[in-house]
Amino acid sequence: MAAAAATTAEVGAVVAATSGSYKGMSSDNIKGLVLALSSSFFIGASFIVKKKGLKKAGASGIRAGVGGYSYLYEPLWWIGMITMIVGEIANFAAYAFAPAILVTPLGALSIIISAVLAHIILRERLHLFGILGCALCVVGSTTIVLHAPHERQIESVREVWDLATEPAFLLYAALVIAIVLILIFHYIPQYGQTHILFYIGVCSLVGSLSVMSVKALGIALKLTLSGTNQLIYPQTWTFAMVVTVCVLTQMNYLNKALDTFNTAVVSPIYYVMFTSLTILASVIMFKDWDRQNLTQIVTEMCGFVTILSGTFLLHKTKDMADGSISTATRLPKHADEEDGFGQEGIPLKRQESGRTP
């Protein structure tokens, strides 16, 4: 009887440990997930609405691609802009509830929504491999969502400040700032116009710090709205200043990248670098992986790689038509624009000559 009781106890312990390894999504993670999905929908849809507005404005005025601003008088363009702002607000709020390792990779879904809506509304053909890319993004996102760590319970913005001032994250932040300064003052003046990685590198490195600050600020606002005022702490305003500086720097160099290189190159490379560095920063600062076992971590990484594969496949097949890639893939960015949207090639360096192959 004693042996049977011991066996039963051991089995019960194993079952309890197994069931405890996955407790399902927390309520905060679910809120963050819903906000992140909403953000992807609004941002993905905004590109299509804005493009419709640009086309409509270009039909009756000077196109944006040649310096015109007639789109500012087009209501459809403003609807697209407002939709994008709503999406960014939802994305900001998502970081207040869920870890960055859950929220950031879901940004790939906006690419899917944009591609699908472009296929339906703009009649831009979505190639079979593009559909496969969308499916890979969905599978990867689902994998990450199911295995994402629970959000750390934080009661004050001062707790976030303590995490941000630990030696490991201070070392990461110092390395990021040092690399960014070297890129800005040494490499970009010489190679910025010919090598895309320098512009994108600045955007991604600074972006990883901006997301950590956005998350801290979002937590502070969430706690304030729930009745615990965080606006009285200087740490809240420090995070707000960091967000402002980082976002302005990020947008400046992202605009330079988009103005110099094709969107089909900028988007996937920026997504990969920005998401990878953001996850790294979150793991260091919030110690997301400390609350997970090796199986969960490896599964999340597999999900992330799946999303990256889908993203690259989707962008790679944008110019495919009838099973072949358009010969325009090697054209410079401004060689053949339509309503402010150039043909999207895939060169890693800008073509200095305007000739076609």
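The values are calculated or read from the model by the stated rules, or taken from the named source; none is laboratory data. Because the structure is predicted, anything quoted here is derived from the model rather than measured. Counting neighbours? That spans all protein chains shown, and the Cβs are built from the backbone with ideal geometry, glycine included. Note: areas computed on protein heavy atoms with side chains; ligands, DNA, RNA excluded. Shrake-Rupley method; radii C 1.70, N 1.55, O 1.52, S 1.80 Å.
A few comments on the model shown:
- Number of residues in region 73-98 that are open to solvent by less than 10 Å² (accessible area, probe 1.4 Å), under 17 Å from the mean Cα position of the chain (by Cα) and more than 17 Å from Asn29 (Cβ to Cβ): the value is 1.
- Counting only helices (runs of 4 or more DSSP H) wholly contained in region 156-248, the ones carrying 3 or more residues that are hydrophobic (A, V, I, L, M, F, W, C) and surrounded by 18 or more Cβ atoms within 10 Å (Cβ to Cβ) occupy 157-164, 167-182, 196-225.
- Residue in region 5-26 that is at pLDDT 50 or above and open to solvent by 80 Å² or more (accessible area, probe 1.4 Å) present: yes
Residues checked against (1) touching a Gly at 6+ places or on another chain (Cβ under 7 Å); (2) open to solvent by 50 Å² or more (accessible area, probe 1.4 Å); (3) at pLDDT below 70; (4) part of a loop (DSSP other than H, G, I, E, B):
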position: Phe274; (1), (2), (3), (4): yes, no, no, no
position: Val283; (1), (2), (3), (4): no, no, no, no
position: Thr299; (1), (2), (3), (4): no, no, no, no
position: Leu313; (1), (2), (3), (4): yes, no, no, no
position: His334; (1), (2), (3), (4): yes, yes, yes, yes
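- Cβ pairs under 9 Å, 6+ apart, first in region 291-310 and under 17 Å from Arg152 (Cβ atoms), second of a type in the set (Val, Ile, Thr) and open to solvent by 30 Å² or more (accessible area, probe 1.4 Å): Glu300/Thr143
- Taking the criterion of being in contact with a Cys (Cβ under 8 Å, 6 or more places away or on another chain) and open to solvent by less than 40 Å² (accessible area, probe 1.4 Å), the residues of region 112-125 that qualify are Ile112, Ala115.
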